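The values are calculated or read from the model by the stated rules, or taken from the named source; none is laboratory data. Remember, predicted model here, so these are calculated numbers, not experimental data. Reconstructed Cβ throughout: ideal geometry from the backbone, glycine too, with neighbour counts over all protein chains shown. The protein model used for the area step is the full one, side chains on, heavy atoms only, and it has no ligands, DNA or RNA in it. Shrake-Rupley method; radii C 1.70, N 1.55, O 1.52, S 1.80 Å.
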Amino acid sequence: MARPAAAYEPAVPARPACAYTSCYCEENVWKLCEYIRSQDQYPLEEFYAIFISNDRRMIPLWKQKSGHGDEPVVWDYHVVLLHVSSREQNFIYDLDTVLPFPCPFDMYSVEAFRLDDGLRPEFHRKIRMIRADLYLKTFASDRSHMKDANGKWQKPPPSYPCIETADSKMNLDDFISMNPEVGWGSVFPLPDFVHRFGRQTDYSYSLEGQ
């Protein structure tokens, strides 16, 4: 008799123990990458920072903690972590979702992404996918995007110092941009991303004609 496969072991601590600041998803994911690098549990090259946005910076996502009922939240961008696992299924780490943490990729795609088919074109989502090691080396933010015209914080910033590199103190826009000529990583339409990393045949089949 075949032995059951061992359960997936999360790459980071339980959600309440993760570094988290509301409305700073790009830094929350950077901190997840930093934690994974500090451990020997999984190779860092299996993980990717995933920026979700579009040219108009209007992207609906469902099952977000800030949502109400089954209504989507429309973000200018959102960032999650993807684990391209050696197992049968990949996983999404999203600290802002009401879905499990981590969440099986197919569950996240069906529940949180849903389909672009029923959305007006200006809401169609794109993905920028950056290797975790590259994200740790290149990302920088002085958090100025979270200040209003008077220099006051719109949302309280993280307690730790700003993330910066030798080359930059602020390059967040290069990651949010869905222009493949800008920044780091690869840019995909959302259906291509789901087709590439999901395994659910019904959902993948619905994307074939797009």
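For the chain, what does the relative contact order come out to in percent, with C-alpha contacts under 8 Å and a separation of six or more?
On the way: 334 pairs, mean separation 43.2, N = 210.
Relative contact order, the chain: 21 percent.
Whenever you get a sec, line up 122, 9 from highest to lowest accessible area (probe 1.4 Å, protein heavy atoms).
Working: 122 50, 9 110 Å².
Result of the area sort, largest leading: 9, 122.
If you take the charge dipole of the chain about its Cα centre, with +1 on Lys and Arg Cβ and -1 on Asp and Glu Cβ, which of 102, 49, 132 is farthest toward its positive end?
102
So if I take the alpha carbon set of segment 14-67, get Rg, then get Rh from the Kirkwood formula, what is the Rg over Rh ratio?
Numbers: Rg = 13.5 Å, Rh = 13.2 Å.
Ratio value, two decimals: 1.02.
Accessible area per residue, 1.4 Å probe, Å², for segment 50-176: what's the number?
On the way: 6060 Å² over 127 residues.
On a per-residue basis, 48 Å².
Longer than 20 Å from Cα to Cα, which of 65/137; 126/147; 63/147; 31/147; 137/169 are they? Say none if no pair is.
Values: 65/137 30 Å; 126/147 26 Å; 63/147 27 Å; 31/147 22 Å; 137/169 12 Å.
In this structure, 65/137; 126/147; 63/147; 31/147 exceed 20 Å between Cα atoms.
Which value, to two decimals, describes the C-alpha radius of gyration of segment 1-147 once divided by 2.2 N^0.38 Å?
Numbers: Rg = 15.7 Å, N = 147, 2.2 N^0.38 = 14.7 Å.
Dividing the Cα Rg of segment 1-147 by 2.2 N^0.38 Å gives 1.07.
With label points built 7 Å along Cα→Cβ from the Cα atoms of residue 56 and residue 117, find their separation and express it in nm.
2.1 nm
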